[in-house]
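Below is one structure, written out as structure tokens, with a few remarks after it.
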Amino acid sequence: MGEAFRRALGCDSQSDSSEILSLLEKADNKRIRDYLKSQKLPFLDVGGNDPIARFLFDLKTWQTCLVAALGVVLGFLPGVVSYLEGTFFDSEAMKLCFSNDYGYFDKVLALFALLLLAPLYFSELPRTLLKLNISSTFNLDSKEWKVFVGQANKRFNKFLLLLIPYVSAILMTGILIYSYMLNKEGQWQGISISLKSRWAGFSTIGITLLLYYLLALVVMRVIVVYWILKDFFKYKPIIQPLHPDNCGGLSPLGKLSMKLNIGVFIFGIVFLIAVYVNVTVHHKPILHHLNIAAFVAYISVSSVMFFLPLFSAHNAMKNSKHKTIQKISDRYVSTVTHIIDSIENSGPLDKSETTELESLREIHEVASKMPVYPFNVATVTSYLSSIAVPVVVYVIQTLLSQHVLKG
């Protein structure tokens, strides 16, 4: 069945040379979409009808890096306005100036991380599924591919999925303006409807809207990705525990989740800075409920983001691994039984059978090492290494603060 799909893409099963493989290597989603269209096959549009998401998820890697850098520049433009208004440096009249507002710098760092990682992750998803189907791990034919992609694109175009990021951005920005900026004298971000309004505060509104839009966009679409991958695995993949990638042929899926590693780490730094601001600027104890809530939110959200997409492969990998090991074990028992029968009957030993036993042991060892996503050693270790620094620093800060209080 999958051979028809590969032929439709111009892939020769005996050769690695084809236009689609070249485009996948170049990670050019726009050209991949056009090529699939020329072959009358649909493209998985993760951005859907959301113009911002569609723009971001079609970017090449260098373009993504450029957009993330521009996001940082945009984030520091309010600093220029603050300088012109005289609120950049500390003074007696300023309780909080731009140069020591670490909470705002934290926001810019979060914006940079989202602008960098959201496109890198979501633009890779359609390429990952194409790679899996071309490599014969999956065998969707052209008709099945059209059905799957059609259903997936409908999920990405659900009205609520398109609406929630924009509503979340507006609500969160409104709450932050009301709580931390409106009529706040002595702060560089303070704004009001009076003539004393500071334009620096107004200039941060666009950045805040973009930040919370991206945050809601990423969370919502990672959840949808899980359901789409579950649908994909309904097409009965051929998972091979003896596959040379040591992942049953699913290494592209593992690599996709690994792209979230740096995001988990960066948001750990964002969490630490937020705690630092709460303690030093807002004079909250380190075990204040806001800090604890931030810690719980960081661990829970990062865990869901990292592990949830991989859950889609769990049952298929587990069942395939079990069946393969069982077949090897059955063959091993059969061979051992035959050898023992020969010994009991004083018959000659067949050297080919003893050689087979050694081979079966080696094959069994390889099959036993195949990971089962998501909680295999490699993925768990990768995740723990990403959160290690933020969590350890927070724990040390908590212990030190408790020691100081007791002292």
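Computed from the coordinates by the stated procedures, all read-outs in this text should not be read as laboratory data. Since the structure is predicted, the reported quantities are computational estimates derived from the model, not experimental observations. Here the Cβ positions follow ideal geometry from the backbone for every residue, glycine too, while neighbour counts run over all protein chains shown.
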Largest fluctuation, A378, A110, A316 only, Gaussian network model of the chain with Cα springs under 10 angstrom, belongs to A378
Going highest first, how would you order 277-289, 212-224 by mean Cβ packing within 10 Å? 212-224, 277-289
For the chain, what does the helix formula give at 222 nm: sum of -39500 (n - 2.57) over DSSP H segments with n ≥ 4, over the residue count, nearest 500 deg cm²/dmol? -23500 deg cm²/dmol
What aspartates and glutamates sit close enough to K26 to cross-link, taking a C-alpha to C-alpha distance under 15 Å and skipping anything fewer than 8 places away on the same chain? D16, D34, D58, E124
Derived scalar couplings ³J(HN,Hα) [the range 46-52; Karplus, 6.51 cos²θ - 1.76 cosθ + 1.60; whole Hz; x for Gly, Pro]: 5, x, x, 8, 7, x, 5
Hey, what do the phi angles of the range 96-104 turn into as Karplus ³J(HN,Hα) couplings, whole Hz, using 6.51/-1.76/1.60 and θ = phi - 60°, x for Gly and Pro? 9, 9, 5, 5, 10, 8, 5, x, 6
Straight-distance crosslink candidates among lysines, where the alpha carbon sits under 17 Å from K323 and sequence neighbours closer than 8 are dropped: K236, K369
So what's the Cα pair-distance distribution over the chain, bin width 20 Å, in %? 22, 45, 24, 8, 1, 0
For a quick check: with amide H placed at 1.01 Å from N, whose amide H comes under 5 Å from I191's, ignoring anything fewer than 5 positions away on the same chain? L182, N183, K184
HN-Hα J in Hz across the range 387-393 - Karplus 6.51, -1.76, 1.60, θ = phi - 60°, x for Gly and Pro: 9, 4, 4, x, 5, 4, 4
Of T355, W199, N345, farthest towards positive along the dipole that unit charges on Lys, Arg, Asp, Glu beta carbons give the chain: W199
Is there a quick way to get the dipole size of the range 185-248? I mean about its Cα centre, with the Cβ of Lys and Arg at +1 and of Asp and Glu at -1; what is the value in debye to the nearest 20? 140
